[in-house]
Structures are given as structure tokens and as C-alpha cells.
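Trainee: This is the structure I want to talk about, given as C-alpha cells.
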Amino acid sequence: MKAVEMHNIVKIYPNGVVANRGVDFEVEEGEIHALVGENGAGKTTLMKILFGIEYPTSGEIRVFGKKVHITNPHVAISLGIGMVHQHFMLVPSLTVAENMILGMEPTKFTSIDYQRAVKMVEEAAEKYGLPVPAKEKVLDLPVGIKQRVEILKALIRGAKILILDEPTAVLTPQETGELFQALRNLAKSGMTIIFISHKLKEVKEISDRLTILRNGKNVGTFVTSEISEEEISRRMVGREVELVIERTESKPRDVVLRVENLEYTREDGVKVLNRISFSVRSGEILGVAGVEGNGQRELVEILTGLRFGAMGKVILNGENITNQPSHILRRKEMAHIPEDRVELGVALKATIAENLISDRYYKDPFCGRMVMKPQKIREFAEQAIKNFNIRADGPDSPVMMLSGGNIQKVLVAREFTSDAKLLIADQPTRGIDVGSTEFVRKKLIEAKDEGVAVLLVSADLQEILQLSDRIIVMYRGEIVGYFPKNEGLTEEELGYYMLGVRRHEESRIKEALIS
Amino acid sequence: MNSVLRGILSTQFVYSILRVSTPLIFATLGALLSDVSGVINIALEGMMLMSAFWGVMVSAWTGSAWMGLLAGVVSSILLALALAYFHLNLKTDLILAGIALNIFSSGFTVSLLFMISGDKGSSASVKSYVLPRLNIPFLGKIPILGDMINNHHVLTYLAFLSVFLVQYLIYKTPLGLKMKAVGENPDAAQSVGVSVIRVKYIALILSGLMAGLGGAFLSMGYVSWFARDMTNGRGFIGLAAQALGGHSAIGGMLGALLFGFAEALSYTLQAIQLPSEITNMLPFIFTIVALIIYARSRLSKLHALR
Amino acid sequence: MNLKRKLLLLETFRTLVTIVIALLIGYIILFFSTDEPLNAFKWFLVGPVSKTRRFVEFLNQTTPLIFTGLAVSIVFQAEIFNIGAEGQMFMGAVGATFAALHFPSVPFLHPILVMIFAMFVGGLWASVPAVMKAKWRASELVSSLMMNYIAFFLGLYIVNYYMRDLRAGYLVSYKYPKTAWLPKLIHIRYNLHIGIAIALGFAILTWFFLYRTKYGYEIRMTGFNRGFAIFSGIKVENVEMYSQIISGMIAGLAGSIEMMGLYRRFVWQVSPGYGFDGIIVALLARNNPLGVIPAALLVGYMRTGAYIMGRLSGVAPEIVKMLQSMIILLITAEAFLGFMRRKIIEKEAMRMESGGA
């Protein structure tokens, strides 16, 4: 019996981006089916269509053999489909129980029966072996637990088909192991699981069959055991890719950024950074590894002047810049590739040219004392579009019309042409296609070779290992590991530090701060 | 100055605070119900105005104040539905849609008033009815307090009752939970099959209901006629009071009472021959000052620039 | 035809449809409110061009709308909902009255000083919500509305107690000295004053400011994405301050020109509504200063048509407010005729698919 049949699905988004170009996709009941493909291949869109969040431009869907029109998630849920999204769909200020029963609240007269709600949650947690703290607010939970809540949320609604969108992206290798165990148990009890990923090792480990998407099309469905990682990779990208980037030897010179005993307590009273000390030298890449939510975001925001109230010292080129706002730091030769490119990195409605000059619009050669020079701006933008391979109509088209990878290239083009001495790159390749990823990583190496000091924050361990000269690991707001060289270091090894299982002694961690 | 003090310290002054706060409390609750669901209802002002107008006209036409109240509330809810339709279905900018509906209400009521009564200023020539005051014997027997809280307009009692009903609705019922979820993370609500649009529609209807009650009070209690643009910013003051109270109905009520105090004070000051232009400004200046104090206290806790 | 052109054409079509729908609704309302709807509607439609006097009235109605339209466009470009143009213009007129009555009566210089003072007062009035927003992050929406009420009462108080001409039967100020009158633009019997020329000049100036200076760039980027502006090193608090203050100055200027050009004394007893109509102008113009000119002409035409209709057919001119609100609602409704936009984009995407890939 086929659990899901999707036939000739086409999806065009309102901004003209074509995400699915006639996809056929079938899943057998009770199997774990991996949906693989690089970023932008249309995996998430296809699953959002199945879950009713997006509606297809054309195409046909059958669930357990019956033709259906999934116009909204409510319909999907009643068909027995559940989805765990990449960005958790939880209401932070509500408790786990409240999140869990939202839309199916048990009542006593007219009010919600909280006791029964808590009991329902605890029973479900027991039944599926996924313990969660029912009465706690979601806000305070670690990522791994939040994910459990998400999975339980789907199960408690009677899901028979469970979609997981890149569930391991935010987990450590060890947490991933636990998740896989739970998924296997679910599959054994008859659950159909669709697992979106682009991490081939995990796909090989967990799935029974897999479907590969490329550029919005299905390029093959295989039994997992019958296809090699290399073959999957080749089909995903459509050419032989060697995502092995030649790391050049580092020739570190003077210290550019020096962070001493940085401490920070967030508005909600949580201490998210504790005695952080490290330095970055000209001509090296310092990698910051760690599970998301262990203080990296706050660290970057403080360093780049987007967050204030930190204790300790931040010294840039010998000058104390602690708690200085971004408009001061931008004038001190600091460049920043932010984690959230759409929220911070670009103005979608502005043109490519306007985006490219946002940190230097007031300076020569783009502006006189007050009046801007459109011709100079245009020339610069045309040059950048060429040098950075930005696929666009021209400098005047709005950034909104570009694909994710090209948006990131606009941003990268600006930050790499800013003549900065320090570059803070926060998840610089998240969610972009392989070609763009390769391009950005090569540019980072180039920058380092030119003598820029690079601070690389990434949740992608492969990226960290590939690019960094030295590595620090953050866990619960502290540096718990320091690796002055990365030769011989494995993802598993880093994972133990990221989880807080292992920890270097104080004296070694102190060495991260080189004078 | 002495007479002002005597004015403020009288039981009558407290009585008048409760009276002038009534429409503000309704407006505040209206603002709260929509804000919890993530909708800023700028059109409260227009909704109140519509209700005030139809209350007078229908009560005059049917001879029943209660029919007037019903008509007023219905007209206000219709306007809320229009806001919901434009914002949620046609994707009109929320703030601009609210401004547009306020302009619409102002133009609509003046045009119709002129058509019906031949007067653009007020409905004084139309014989309309007012809703009753309630004399609750056991309240009246309480010394001092009795004079303050007894013998109020029926909608004044309903306003205070509504505060607790709204608080219960938001924090204890399934609808309230859905409203909070939709307001805080609509994607999360949608992902469990809650219809975001439906919840927002309901929230706006409830918001319109509150605004309708507040508007009806103005023309069928506070005074006994309709006057051009008689809401005079009360809908906006309701928004400010809600901002002060956050997502608590009781907090919002306190905010509304604060502005009610300013308004009552302005009447007391008028009695000692202060120019009416000056005293009329008082509630608005009060609102500005309160907004500043509130914003400053909130800001001191924030670290992020965004 | 490329995609951009098609979408622009669609926008124009959408605007036209909106105006037609608004007019249709206007006719329906008239149908119910008068025995001679056709006659009233005729006056509404052709009134402003039926006599030279009325045409001049129409141009004079347009002048303040250009100013307030520009004022609103500037703050809207910064995504700031300061809708205090009404009060800023009112206070500008009060300030102008003070300056006209008390500043030295030097020909030529006098009106310029009056204008500068009115801009100062308008800017000052706008600075209250501006400071509240920039320093303490208080919502400018409510505070600017409150300032409108305060402006109205305070302005009337000042005029009533310090500048009132008691010889007139109603609340007006003393007549301005002749040196503070704006000259006529052309020599005709009717008072077509140079205000409209100043307004057109300001429209061009504002366009240049927004699209060719670094301050304009800052305003637009802050409006597109505030987080991005902060990230890029733009001092958004400053942007939020000066965009609102400049907007207030333009609104204040409108008040002075209205008084010096048209009435030559302070005459308002109700707030004239130009500030709120400025929102409609800005929306029709999509916040583009050059687009403000045709938009203000349209709104000014509607306003004048409504007044003429009111005078000649006895219908309340306030019904025009209903038409205007329909225009706001439909123009900003993204989904209104959205299916056409979707089709155009889908077709384009399909074409790229078959041709490009």
C-alpha cells in the first residue's frame, strides 16, 4: 500500500521562483523514506504542499490511495499527516502542554482542563518513549527537547505519516543517534516516515528508500542499500563535485580581535555568555563550533554592535570597542555576514546596487558631501555582479527577485569588498546551494590569505573542520574546548564537547587567547 | 485651587471617573482582544462612532433604547468585519485599513446625520432614548462607597463585568489559547490546524462588540444625542491604555481608569473657569506622558537594537 | 514586454479600477441621499472645470495636498506611521499667524520669515512623536494622533486668547498686514496664489532629497528593513528623528501658505483635514514625491467637486470621505486583482522555464 502518491506537482511562488517542476513522489506505508537534494532543490516546498501549508500550482495528491485536496494543515492532520518543521512551530511563552493541545483542547465546562492536558501529554510521552516536561514553558527548553515536543505534537494528533524537515541540523551527533533510535521504533510500529536531509551519511544510516530531487525535479528513487553515497551526491548536484576545499596554510600575524572575559546576561535574566576569551589574528580563521542556542548568536551580536550590556573587554586593533553600536564598528573596518540574511543582511525591496553599498553609501566614491553619485554606484554594482557571479537582470533589479544563493552572494560581495580587517561570518553557507556554498567557502579562504582575520561561527561541523585553523567549542555560554590545530579532529570528537560530555581543562582553554 | 481639591476629594469625583472611564474601558478591551491575536485595531475610533450614531438613530426610530444598543453594536461589528475582510482576505495594510475605516465612519455619520436631521453638528433635533441607570439597593447602602458605585449607567456595570469576562476568555478558554498562539506565532498555530484567519476574524468581531458597547454608551448614556466625531480620540486612548496594560484586561482597565481620571479632572478644572481649550487637552497630554513613562520603563530592560 | 513593465501597467490598471469603483460607490450613495443623484454627480464630476473661479478653487485645494502628501510620503518611506500632519499643519498655520502679525513688515522678506517660522513650528510639533520613537521606542502612531488633538485645542486657545479679532463675528485672527500676503501667480480676477508653484518646487526638491542624497538613502533603507539599516551602520534613531521632523516642517509650511495665500488671517475652527487627505495622496503616489503631484490633483479635484456639489445640490460634501476611504482600502489591498499579478508572474516563470532552462 502506498501511503503517499504525489503526481506531477508544480509550484510557482508569488515572486516567480519555481520550486517544483512536475515532481512525482511516492512513499510506501511503514518505510523510512529519505527525501534528499541540495538546498533550493524543492524538498521543503514539496513537503509543505503535502502538509497543506502551500498549495500547488498544479498536480495531484493521493494519501493511502485516496485522491485528496490538502488546502490547509487541518486537512493534512485529519488525513493522518504530521510535520516537524526545520524552524520549530512552537509558541515560546506557552507551556509544553499548552503547545501540545493547541487546537484540540480538553475542556471542563468552558475552560481548558489543564490537568487533563498535562495527563494527555505525559501519557503520550510514555507511550512513544519521548519524555518531555509538560508544565514548563517552551521558551526555556533546549533544542533537542523542543524537537521532541514537535514530534509528540504530531503523534498526539494521530499522525500515521510523519514528515521531518532536516531534523538533525540543530542536533549533535549524539542527539542525532537518540532521534534515530526513536524513529526506528516508530517505523517498527507501522509509522510512515519522510525524512528530509542533505546529509548523506545520515540518509544511508536511517532510510529504507530515498528519492533525489534536483532543481525542482525527481531524478530518481532508490533502495538505500543499493546506491552509494557518491552516486547520490552525483545525482543531487548533477555533476561531479568535490566539495573538498583546499585549506591553505595559515600565516597568522598580529592579533586583530581580542575578547577577554566576556560575560553577558540576557534581558530575561539568563546568563548566556560566561568568561569567554579568545583572539583572532590577521591571516587565520578561528572556527566557533557548538549546537545552536549555546550563546553564539549573542556573542556575534555583541561583537558586531547589535546587542549591548556585556561585561568584559572586546578589543579591535588595539582599541576597546566593548558595547559599541554597529554604526561605530562599521567605521572601524569590521565586516559581518549575519546568520539571518533576510532579516539583517539585505533589504529585499531595495535594488542590488543599493544593497551593495549599504555600508559605504556616504563615502567617496559613492557620495559627495550630501549628494550621491548614481553612475559610480552603478559601475561598482556591475563589477560586483560580474566578480561574484550574481545571477540577475542587472544592478537595478530588486534583491527580492533573486534565489537564496544569489541573495547570499550579494551580501558576501558587499562584505568582501569592504576592505575590513576583521570578518565575522555567522553560518555563511546555511541554506544555499552547493555551487554558492563552494564559492563562499573559497572566498573565505581567499580573504584569510589576504590577511583578514576571520571569525567563523557555524553549526555545520564539516564547514568548521574544512575552513578553520583553530577551533573553539561553545556549550551553555562557555568555551569548553579549544583545538589549536584541526588535523585529525573528527565530527564525533567535536560532538562530545558540543554536548558538554567532555571538557578541556581551564589552562588549555585559556590558550585560545593568544597575545 | 481649594475648590479643585474639594472637587477631587468628593465622592462625586470618583463617581464621574467611573462614568467617563466606561467608554475607555470598552475601547481598551477592544484593543486588547485584537492585540492578543496579533491585530492592531486602529479602527476602534470609527467603530465607536458608528455605534454611537446608529444607537441614536435606531432608538429614535423604534422608540426603544435597547434596539438602539443592538443596532449600534451590530454596526460596529459590521465595521470590524469589513476591517477583517480587507486585512485578512484582501491583504490591505492593517494600519491603513484602520485609518480608512475611521475616515469612512466620520464621513458616513456626518452625511447621514445631515440627510436625516438637516444638521451637520448634532442630532439634537432627533428624539432618541437613553439606556437606564441601575439603582442597586445593596450597593447604595454601603456608606461613602455606595455614592461612588451605585446608580451608574447599565453599560458602566457591564464594562467592569467585561473586564473579568475578557480576562477569563483570554487565559482560561480554548479560544483564548488559540488567540494567544495566533498572536505570538501564527505559523505554529497554523501547523496544528488552527485557522489563523478564523481566529483573527473572531477576535476582531469581539473587538467590534466592545467598541460598539463603548460607542453606544457615548450617545445613549454619557449624553443623549449624537454629535459629529463625538468619540474624540477615545478609540486611540483605548489603544494607549491597552499598551500600558499589556495582555492583561485588568492592567488595561487600570490604564483606562488613569485616562478617565484625566478626563474627569478636566471637567472639574473647567468648573473653575479654566479655558475649555486647555482642559480639553488634558486627557491627550496625559496619554502622551503615560506613553513616555511606559516606553522608558520598558526600554531600560532591552539590550538589543532590534 | 518585460516583467517590470507588465507589473507597472497592472499597478496603473489597479489604480484606475479602484478610482472607478470609488466613483461607482459614490454614485450609489448619492442615489440614496438625494432626489437628483445624476445632477449632484454631474457637479461632483465636472464642477471643478465648469468655471474659471472653480478651477482656481481646485488648484488652491491641491496646493496644501501636495505639501501634506509629501510630508506623509517621507515618513512612510521610512516605514514610520506618523500621521500627525494634520496637527503639524494646524500648528504651522497658528505659528504663521503669530509671525505674520508680529514679525517686521518688510516686503518679500516677510512671507519668507513667516514660512520659516511655520516650518519651525511644524517641525517642533513633529519632534514630540519623533523623540518618543527614536529615544524610547514609543509607538509614533498613537502619540502623533494625540498630538493632533492637542494641536487643535492649543491652536484655538492661542488664537482665541492672543490673536482674536473681536470685531469679526466669529473666531478669526486679526488680518495679516499686506506684506505677509502671498502674491498671485497670474493676473486674473481670482486668487490663484503662488502656493502651487512653491508646492511643485517642493515636490521636485523632496524627490531629489529622497533619491539622490545620502539622507534619502538612509530613510529608504530604514524603511525597507530596519534591521538591515542598523546592521549596515546606519544610525536609525537619527533617521527616525529627522525624517519625522522634515515631514513636520513641510506640513507646517503648508499651514502658512494656506493662511497667507488664501485667507490672510487664521480662520480654521475645525481641523481642515488636509493632513489625513495627505495619507491618501501619499498612498496613491506610492510614496513617490513626483507621483504626489498627480495624486494631489486627483484628491484635490474630488474635494473641490464635493464642495461644489454640496453648494449646488444640497448634498453633504462629507460623502467624499467615503470615496476616499474606499480608495485607501483598495489601493493598499495587495490581493485586490492579485490573481492577475499571479498570472503574469506564473506565465513569465513558465516562459523562462521553457526558453531559459
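Trainee: If C:ARG303 passes every condition in (1) away from chain B (no Cβ under 14 Å); (2) open to solvent by less than 50 Å² (accessible area, probe 1.4 Å); (3) basic (Lys, Arg) but one, which one does it miss?
Mentor: (1)
Okay, residues lined up against (1) part of a loop (DSSP other than H, G, I, E, B); (2) open to solvent by less than 10 Å² (accessible area, probe 1.4 Å):
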| residue | (1), (2) |
| --- | --- |
| A:ARG258 | no, no |
| A:LEU262 | no, yes |
| A:VAL272 | no, no |
| A:PHE278 | no, yes |
| A:VAL288 | no, yes |
| A:VAL291 | yes, no |
| A:GLU298 | no, no |
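Trainee: Please go through the range B:141-190 and pick out each residue that is more than 14 Å from chain A (Cβ to nearest Cβ), part of a helix (DSSP H, G or I) and closer than 23 Å to B:ALA211 by Cβ.
Mentor: The answer is B:VAL154, B:LEU155, B:THR156, B:TYR157, B:LEU158, B:ALA159, B:PHE160, B:LEU161, B:SER162, B:VAL163.
Trainee: Given the condition assigned to a helix (DSSP H, G or I), in contact (Cβ under 8 Å) with a residue 60 or more places away in the chain and surrounded by fewer than 23 Cβ atoms within 10 Å (Cβ to Cβ), answer yes or no: does some residue in the range B:287-306 qualify?
Mentor: No, the range B:287-306 contains no residue that is assigned to a helix (DSSP H, G or I), in contact (Cβ under 8 Å) with a residue 60 or more places away in the chain and surrounded by fewer than 23 Cβ atoms within 10 Å (Cβ to Cβ).
Trainee: Has the range A:496-511 got any residue that is modelled with pLDDT under 85, over 15 Å from A:ASN274 (Cα atoms), in contact with a helix residue (DSSP H, G or I) (Cβ under 8 Å, 6 or more places away or on another chain) and open to solvent by 90 Å² or more (accessible area, probe 1.4 Å)?
Mentor: yes
Trainee: Can you list the helices (runs of 4 or more DSSP H) lying wholly within the range A:58-168 that have 1 or more residues being more than 30 Å from A:GLY42 (Cβ to Cβ)?
Mentor: A:96-101, A:114-128, A:143-156
Trainee: Against the condition farther than 25 Å from A:THR437 by Cα, open to solvent by less than 30 Å² (accessible area, probe 1.4 Å) and touching a residue at least 60 places away in the same chain (Cβ under 8 Å), how does A:VAL203 come out, does it pass?
Mentor: The answer is no for A:VAL203.
Trainee: Then there's this: With respect to A:SER468, determine if the residue is small (Gly, Ala, Ser), at pLDDT below 90 and over 17 Å from the mean Cα position of the chain (by Cα).
Mentor: no
Trainee: Going residue by residue through the range B:93-113, is there one that turns out to be over 25 Å from the mean Cα position of the chain (by Cα) and open to solvent by 40 Å² or more (accessible area, probe 1.4 Å)?
Mentor: Within the range B:93-113, none of the residues are over 25 Å from the mean Cα position of the chain (by Cα) and open to solvent by 40 Å² or more (accessible area, probe 1.4 Å).
Trainee: Out of all the residues in the range A:261-294, which are of a type in the set (Gly, Ala, Ser) and within 14 Å of chain B (Cβ to nearest Cβ)?
Mentor: A:GLY269
Trainee: Residues in the range A:73-105 that are small (Gly, Ala, Ser), more than 17 Å from A:GLN115 (Cα to Cα) and crowded, with 24+ Cβ neighbours inside 10 Å: how many?
Mentor: Residues flagged as small (Gly, Ala, Ser), more than 17 Å from A:GLN115 (Cα to Cα) and crowded, with 24+ Cβ neighbours inside 10 Å within the range A:73-105 amount to 2.
Trainee: Across the range C:134-153, what is the total count of residues that are within 9 Å of chain B (Cβ to nearest Cβ), within 19 Å of C:GLY275 (Cβ to Cβ) and open to solvent by less than 40 Å² (accessible area, probe 1.4 Å)?
Mentor: 9
Trainee: Something else now. Inspect the range B:40-58 for any residue being open to solvent by 20 Å² or more (accessible area, probe 1.4 Å), of a type in the set (A, V, I, L, M), more than 14 Å from chain C (Cβ to nearest Cβ) and without any contact (Cβ under 8 Å) to a residue 60 or more places away in the chain and give the result as yes or no.
Mentor: Yes, because at least one residue in the range B:40-58 is open to solvent by 20 Å² or more (accessible area, probe 1.4 Å), of a type in the set (A, V, I, L, M), more than 14 Å from chain C (Cβ to nearest Cβ) and without any contact (Cβ under 8 Å) to a residue 60 or more places away in the chain.
Trainee: Let me ask another. Of the residues C:THR68, C:THR18, C:THR63, C:THR12, only one is under 21 Å from the mean Cα position of the chain (by Cα) and without any contact (Cβ under 8 Å) to a residue 24 or more places away in the chain; which?
Mentor: The unique qualifying residue is C:THR12.
Trainee: Please find, within the range A:151-198, the residue that is most open to solvent (accessible area, probe 1.4 Å) out of those that are among the acidic types (Asp, Glu) and within 18 Å of A:LEU35 (Cβ to Cβ).
Mentor: The qualifying residue most open to solvent (accessible area, probe 1.4 Å) is A:GLU166.
Trainee: All but one of (1) over 27 Å from C:ASN82 (Cα atoms); (2) open to solvent by 10 Å² or more (accessible area, probe 1.4 Å) hold for B:LEU218, so report the exception by its number.
Mentor: (2)
Trainee: Determine which single condition B:GLY193 fails, assuming it passes every other condition in (1) part of a helix (DSSP H, G or I); (2) open to solvent by 10 Å² or more (accessible area, probe 1.4 Å); (3) within 11 Å of another protein chain (Cβ to nearest Cβ).
Mentor: For B:GLY193, the exception is condition (1).
Trainee: Going by the structure shown, is C:ARG265 open to solvent by 40 Å² or more (accessible area, probe 1.4 Å), touching an Asp or Glu at 6+ places or on another chain (Cβ under 8 Å), within 14 Å of chain A (Cβ to nearest Cβ) and in contact (Cβ under 8 Å) with a residue 12 or more places away in the chain?
Mentor: So C:ARG265 fails the test.
Trainee: Follow-up. Please indicate, with yes or no, whether at least one residue in the range A:15-23 is open to solvent by 50 Å² or more (accessible area, probe 1.4 Å) and in a strand (DSSP E or B).
Mentor: There is at least one residue in the range A:15-23 that is open to solvent by 50 Å² or more (accessible area, probe 1.4 Å) and in a strand (DSSP E or B).
Trainee: Something else now. Out of everything in the range A:169-194 that is in contact (Cβ under 8 Å) with a residue 60 or more places away in the chain, more than 22 Å from the chain's Cα centre (by Cα) and in a loop (DSSP other than H, G, I, E, B), what residue ends up being farthest from A:MET104 (Cα to Cα)?
Mentor: A:GLY190
Trainee: One residue is enough: does the range C:156-171 have a residue meeting the conditions closer than 30 Å to C:LYS235 by Cα and within 14 Å of another protein chain (Cβ to nearest Cβ)?
Mentor: no
Trainee: Any residue at all in the range C:271-286 that is assigned to a helix (DSSP H, G or I), out of contact with any Leu (no Cβ under 8 Å at 6 or more places or on another chain), more than 12 Å from chain B (Cβ to nearest Cβ) and surrounded by fewer than 19 Cβ atoms within 10 Å (Cβ to Cβ)?
Mentor: Within the range C:271-286, none of the residues are assigned to a helix (DSSP H, G or I), out of contact with any Leu (no Cβ under 8 Å at 6 or more places or on another chain), more than 12 Å from chain B (Cβ to nearest Cβ) and surrounded by fewer than 19 Cβ atoms within 10 Å (Cβ to Cβ).
Trainee: Continuing with this model, one more query. Look through the range C:108-132, keep the residues that are under 22 Å from the mean Cα position of the chain (by Cα) and within 14 Å of chain B (Cβ to nearest Cβ), and return whichever of them is surrounded by the fewest Cβ atoms within 10 Å (Cβ to Cβ).
Mentor: Ranking the candidates gives C:SER127 first.
Trainee: A further question on this structure: Would you be able to say whether some residue in the range A:319-326 is crowded, with 22+ Cβ neighbours inside 10 Å and in the same structural domain as A:GLU263 (by TED's automatic domain parsing)?
Mentor: yes
The values are calculated or read from the model by the stated rules, or taken from the named source; none is laboratory data. Treat the numbers as computed from the prediction; the structure is a model and nothing was measured. Neighbour counts are summed over all protein chains in view; Cβ atoms, including those assigned to glycine, are modelled from backbone coordinates with ideal geometry. SASA here: full protein model, heavy atoms, side chains in, ligands and nucleic acids out. Shrake-Rupley method; radii C 1.70, N 1.55, O 1.52, S 1.80 Å.
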